[in-house]
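Q: I have a structure I would like to understand better, so I am pasting it below and will then ask my questions one at a time.
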Protein chains: 2
Amino acid sequence: MDQNDIKVLPMKDLTVDNITENVIRINSQNDDPRLTYVLERLVSHLHDFARETRLSTKEWKAAIDFLTAVGQICSDVRQEFILLSDILGLSLLVDSIDHPKPPQSTEGSVLGPFHSHEAQETPHGDMVSHDVNGEPCLILGSIRDSEGQPIGDVKIDMWETDSSGHYDVQYEDRQGPDGRCVMRSDASGNFWFKAIKPVSYPIPNDGPVGKLLSKLHRHPYRPAHMHFMFEKPGYDHLITALYLRGDPYETSDAVFGVKSSLLVDFQPADDSIAKRCDVKTGSLVLKHDFVLVSEEEANSLREEKSQKALADLGRMVKMVDGLPVPDVD
Amino acid sequence: MDQNDIKVLPMKDLTVDNITENVIRINSQNDDPRLTYVLERLVSHLHDFARETRLSTKEWKAAIDFLTAVGQICSDVRQEFILLSDILGLSLLVDSIDHPKPPQSTEGSVLGPFHSHEAQETPHGDMVSHDVNGEPCLILGSIRDSEGQPIGDVKIDMWETDSSGHYDVQYEDRQGPDGRCVMRSDASGNFWFKAIKPVSYPIPNDGPVGKLLSKLHRHPYRPAHMHFMFEKPGYDHLITALYLRGDPYETSDAVFGVKSSLLVDFQPADDSIAKRCDVKTGSLVLKHDFVLVSEEEANSLREEKSQKALADLGRMVKMVDGLPVPDVD
């Protein structure tokens, strides 16, 4: 940036009453209308938060220290800011805004902080967990579009904890990816693999986010679930999870991810499945049909919901790159 | 916390429209009404921010990465979250809310990220800067209450950069505190020391906050100033700064700290001052009278402004430990 491009607006004597408009004004001198709009809303809400709580210097300092601790505990394998976003309901909210679902399609859920890019592509039928203490299960999945047509060559990403409730990346001495796989659906939209029955577990609660939950008298548990991610050009990216019905934390998930349509039940394998998939008759099987939304349908639904939400707020907007910016023309 | 104390509210199928009330509800099960209120406003504003911007997953991820980088660059001598709060105007706003000033008292300004607790108590008259390239100056201060009575034994904390615009803590090879002092006012409310003429300088802009300023086409400069902090039991803690009038950044301070009442001019030392303070006749002198507010007056003004601001919002509040919580009785 050329220093000469910076227009300086005269600004001093800022008070509780005039600082917000001035900060917004100085943040509006760049050439990215989306950045300007996001910063305008951010500053406006941040300042209103301070004004409405009459935030004290001591509380502000506690917040600075808290956010610093959240940042400092992050590492290649720990993302405490995602955890913070999760327990404040922001992650679920953003997913719901960005990936609106028409009826009948598979609903989304939280990504969480434990997805990694380490899993190699695995052939159908592989056992993805090496945990001998886990209860083996078989997952039989299918992927269809909203017309019921199978979708082949979808990249499927799955991750789950071991039987003690820990993801592979939570072990310092781990040898490689475990409890994860990446595979592709076949021409009939099917995929299958062996895994272990998910267990409920606490989110990492030895850091600042755990301390906050404890202060709030909130438990840190997530109900048993298996994460899934589906990707194929032309389809809206789907991040979701399947939750075991009847889990003690089904209606109190620490990160607000559970949806009724994502609750699943294991069934006993019949002889035919047992033979075809090389599992014991009566062992656990989970069958689930996933329905992806086309990118076109998701984009149109997202835009429609954006227009409506912002019209309700009294803001005239135009869409730029699929996202709203105020329409000042 | 005993796990049995946790009341679990049934909660699933959270959507864009119902997640906020549910997160607020689960955050309200603790026994600290102030924490509950602060979290209620935080979650409400955070969610409204996402809904009003239709925040995308990609933007959310960029924010997570940004906040993580802000936390990771923090160290014993660098506080990037304070810097972020400063450039968003939050620091000045919180200081203004927490330390309201009646007319005629010295206004507050931003603390900034460079205060340290390293300076030893210094006798009046000491030279607090060892920078031989700085232009020496003499500071003659007095401290009075709002009735004009001198206040003795006030702990005064001062800090400034060297002539290159860097604080001592910004040097990796520093030997000890420099450009800082702690001293106490005498029985007449006076204090004096020798320092160097402040210079304007950029806030640290090699980190994530600097990158954000650059994206916003904002310059990172602060006008030349000298920080002061005043502490004495019975008086409201005063964090302020004196700014050199006519600085090129006087009306565009990157952290919004400048107030007209804090603009000062150097004068040439006359013979009498030169002799009394052992400086050259004609060298730079800065005289300033600071006026502290009693704790009682500050508390009462803070409470009055809180009541008014929250009544304007339509919230019934009661004060607990000097801070508002909603009055639900």
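The values are calculated or read from the model by the stated rules, or taken from the named source; none is laboratory data. Quantities reported herein were computed from a predicted structural model and do not represent experimental measurements. So basically every Cβ, Gly included, is an ideal-geometry build from the backbone, and we count neighbours across all protein chains shown.
Q: Just to be sure I understand the filter: pairs with C-beta atoms under 8 Å, separated by 6 or more residues or on different chains, first member in the range B:211-228 and more than 25 Å from B:G108 (Cβ to Cβ) and assigned by TED's automatic domain parsing to the domain that holds B:G89, second member of a type outside the set (A, V, I, L, M) and surrounded by 23 or more Cβ atoms within 10 Å (Cβ to Cβ). Which pairs pass?
A: B:L216/A:N27
Q: Taking only pairs six or more apart or across chains, which ones have beta-carbon atoms under 7 Å, a first residue in the range B:36-52 that is under 24 Å from B:D327 (Cβ atoms), and a second residue that is in a helix (DSSP H, G or I) and among the aromatic types (F, W, Y)?
A: Correct list of pairs: B:R41/A:F49; B:L42/A:F49; B:H45/A:F49.
Q: Kindly indicate whether any position in the range A:265-277 is closer than 30 Å to A:V94 by Cβ, at pLDDT 95 or above and in the same structural domain as A:S200 (by TED's automatic domain parsing).
A: yes
Q: Filter the range A:141-168 for residues that are of a type in the set (A, V, I, L, M) and under 15 Å from A:H124 (Cβ atoms) and give the result.
A: Passing the criteria: A:I143, A:V154, A:I156, A:M158.
Q: Can you pull out every residue in the range B:112-121 that is outside any loop (DSSP other than H, G, I, E, B) and more than 24 Å from B:S188 (Cβ to Cβ)?
A: Residues satisfying the conditions do not exist here.
Residues checked against (1) under 23 Å from the mean Cα position of the chain (by Cα); (2) of a type in the set (S, T, N, Q); (3) at pLDDT below 95:
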| site | (1), (2), (3) |
| --- | --- |
| A:R184 | yes, no, no |
| A:A187 | no, no, no |
| A:N190 | no, yes, no |
| A:K194 | no, no, no |
| A:K197 | yes, no, no |
| A:V209 | yes, no, no |
| A:K215 | no, no, no |
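Q: Give the range B:283-329 a look and list any residue that's polar (S, T, N, Q) and either in a strand (DSSP E or B) or touching a Ser or Thr at 6+ places or on another chain (Cβ under 6 Å) (or both), or say none.
A: Within the range B:283-329, B:S294 is the sole residue that qualifies.
Q: I need the full set of residues from the range A:213-255 which are among the β-branched types (V, I, T), within 9 Å of chain B (Cβ to nearest Cβ) and crowded, with 20+ Cβ neighbours inside 10 Å, in order please.
A: Within the range A:213-255, A:I239 is the sole residue that qualifies.
Q: Looking only at the range A:168-189, which residues are in contact (Cβ under 8 Å) with a residue 60 or more places away in the chain and touching a helix residue (DSSP H, G or I) at 6+ places or on another chain (Cβ under 8 Å)?
A: A:P177, A:R180
Q: Could you check, for the range A:304-319, whether at least one of its residues is of a type in the set (S, T, N, Q), within 14 Å of chain B (Cβ to nearest Cβ) and touching a strand residue (DSSP E or B) at 6+ places or on another chain (Cβ under 8 Å)?
A: Scanning the range A:304-319, I find at least one residue that is of a type in the set (S, T, N, Q), within 14 Å of chain B (Cβ to nearest Cβ) and touching a strand residue (DSSP E or B) at 6+ places or on another chain (Cβ under 8 Å), so the answer is yes.
Q: Report the residue count in the range A:122-155 for those that are assigned to a strand (DSSP E or B) and closer than 20 Å to A:A224 by Cβ.
A: Selection size over the range A:122-155: 7.
Q: I'm told B:V77 meets every condition in (1) within 14 Å of chain A (Cβ to nearest Cβ); (2) in contact with a helix residue (DSSP H, G or I) (Cβ under 6 Å, 6 or more places away or on another chain); (3) at negative phi; (4) modelled with pLDDT of 95 or more except one. Can you identify the failing condition by its number?
A: (4)
Q: Could you tell me whether A:V258 is among the β-branched types (V, I, T), within 14 Å of another protein chain (Cβ to nearest Cβ), touching a strand residue (DSSP E or B) at 6+ places or on another chain (Cβ under 6 Å) and in a loop (DSSP other than H, G, I, E, B)?
A: The answer is yes for A:V258.
Q: From the list B:D86, B:D48, which residue is within 32 Å of the chain's Cα centre (by Cα), under 19 Å from A:T20 (Cβ atoms) and more than 8 Å from every other protein chain (Cβ to nearest Cβ)?
A: Exactly one of B:D86, B:D48 is within 32 Å of the chain's Cα centre (by Cα), under 19 Å from A:T20 (Cβ atoms) and more than 8 Å from every other protein chain (Cβ to nearest Cβ), namely B:D86.
Q: Applying the selection to the range B:278-305, what residues are crowded, with 16+ Cβ neighbours inside 10 Å, of a type in the set (S, T, Y) and either within 24 Å of B:M229 (Cβ to Cβ) or without any contact (Cβ under 8 Å) to a residue 60 or more places away in the chain (or both)?
A: Listed by number, the list holds a single entry, B:S294.
Q: Those residues that are more than 7 Å from chain B (Cβ to nearest Cβ), under 12 Å from the mean Cα position of the chain (by Cα) and among the polar types (S, T, N, Q), I need them from the range A:89-116; list them, please.
A: Matches in the range A:89-116: A:S91, A:S109.
Q: Right, next: Cβ-Cβ under 6 Å, sequence separation 6+ or interchain: first residue in the range A:190-207 and closer than 26 Å to A:V70 by Cα and in the same structural domain as A:D178 (by TED's automatic domain parsing), partner assigned to a strand (DSSP E or B) and of a type outside the set (K, R). Which pairs?
A: Within 6 Å, the pairs are A:S200/A:Y221; A:P202/A:Y221.
Q: Let me ask something else. Of the conditions (1) hydrophobic (A, V, I, L, M, F, W, C); (2) facing chain B (nearest Cβ under 7 Å); (3) under 30 Å from A:Q29 (Cβ atoms), A:A63 fails just one. Which one is it?
A: Checking A:A63 against (1) hydrophobic (A, V, I, L, M, F, W, C); (2) facing chain B (nearest Cβ under 7 Å); (3) under 30 Å from A:Q29 (Cβ atoms), the one that fails is (2).
Let's see how each residue does on (1) over 21 Å from B:D265 (Cβ atoms); (2) of a type outside the set (D, E, K, R):
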residue: B:G134; (1), (2): no, yes
residue: B:C137; (1), (2): no, yes
residue: B:R144; (1), (2): no, no
residue: B:D153; (1), (2): yes, no
residue: B:H166; (1), (2): yes, yes
residue: B:P177; (1), (2): yes, yes
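Q: Could you list, in sequence order, the residues of the range A:158-217 that are in a loop (DSSP other than H, G, I, E, B), among the β-branched types (V, I, T) and touching a strand residue (DSSP E or B) at 6+ places or on another chain (Cβ under 8 Å)?
A: Of everything in the range A:158-217, those that are in a loop (DSSP other than H, G, I, E, B), among the β-branched types (V, I, T) and touching a strand residue (DSSP E or B) at 6+ places or on another chain (Cβ under 8 Å) turn out to be A:T161, A:I203.
Q: Quick check: is even one residue across the range B:113-127 touching a Cys at 6+ places or on another chain (Cβ under 8 Å), farther than 27 Å from B:A298 by Cα and buried (at least 16 other Cβ atoms within 10 Å of the Cβ)?
A: yes
Q: Out of the residues in the range B:320-329 meeting the condition of being of a type outside the set (D, E) and more than 10 Å from chain A (Cβ to nearest Cβ), tell me which one is nearest to A:T57 (Cα to Cα).
A: Only one residue tops the list, namely B:V320.
Q: Can I ask one more? Of everything in the range B:89-104, what is closer than 16 Å to A:K12 by Cα and without any contact (Cβ under 8 Å) to a residue 60 or more places away in the chain? Give them in sequence order.
A: Residues satisfying the conditions are B:L90, B:L93, B:S96.
Q: At least 2 residues that are under 22 Å from B:R78 (Cβ atoms) and among the hydrophobic types (A, V, I, L, M, F, W, C) in each: list the helices (runs of 4 or more DSSP H) lying fully within the range A:53-98 that qualify.
A: Counting at least 2 such residues, we get A:57-73, A:80-87.
Q: Another question, then. Taking the residues in the range B:22-45 that are assigned to a loop (DSSP other than H, G, I, E, B) and more than 7 Å from chain A (Cβ to nearest Cβ) as candidates, determine which candidate is nearest to A:H115 (Cα to Cα).
A: Here the answer is B:S28.
Q: Also, I was wondering about something else. Looking at the range A:145-164, which of its residues are surrounded by 17 or more Cβ atoms within 10 Å (Cβ to Cβ) and under 22 Å from the mean Cα position of the chain (by Cα)?
A: Correct list: A:D145, A:V154, A:I156, A:D157, A:M158, A:W159, A:E160, A:T161, A:D162.
Q: Quick one: which residue in B:E118, B:E107 is under 26 Å from B:N205 (Cα atoms) and in contact (Cβ under 8 Å) with a residue 60 or more places away in the chain?
A: Answer to the selection: B:E118.
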